[in-house]
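What follows is a short report on a single structure.
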Amino acid sequence: MALDIRKILDNPGVVSFEETFNWEPSEVIGATAWNSLPYAKGTVTHKPSGFSLAATLSICGQFTCDHCGATFRQAGIFPLAAVLTDELEDTDNPDYYLITSGELDISEILRSEYVLQEPTTILCPTCDE
Ligand SMILES: [Zn+2]
């Protein structure tokens, strides 16, 4: 699932996307099943200052509590943003995603950004009080 961004590679502009991601629940901390597949809507923008990605990710699934082991439903909407670059010298900076071609793996970028935001301990509403 790659987004075609060729039209903004050399010129400023915006490419919008709306995608459903077939992520394995095991790729997201604590998730055991999806009630609906993760879904995101957003844009990739090329400005004179550089490339950026902004999206809203919707997650709705079954999670397992780290503390009591209960399975619970968790749903949320997460604003995500990423900085992209097509310049190789920036690759040492982990905050940047490298654009290697006219196609962008939106799924991988958003999953990485979501996992970075996600707490490392998943607690059900009862244990989280
Ligand atoms: Zn719990």
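Exactly one residue among 11, 35 is among the polar types (S, T, N, Q), part of a loop (DSSP other than H, G, I, E, B) and either more than 12 Å from the chain's Cα centre (by Cα) or surrounded by 14 or more Cβ atoms within 10 Å (Cβ to Cβ) (or both), and that residue is 11. Sub-6 Å Cβ pairs linking a first residue in the stretch 105-125 that is more than 11 Å from residue 29 (Cβ to Cβ) to a second residue that is modelled with pLDDT under 90, at least 6 apart or interchain, are 105/2; 107/1; 109/97, ordered by first then second residue. In the stretch 76-91 there is no residue matching the filter, namely being aromatic (Phe, Trp, Tyr) and crowded, with 17+ Cβ neighbours inside 10 Å.
The values are calculated or read from the model by the stated rules, or taken from the named source; none is laboratory data. Quick caveat: nothing in here was measured; it's all calculated off a predicted structure. No Cβ is skipped: glycine too gets one built from the backbone with ideal geometry, and neighbour counts run over all protein chains shown.
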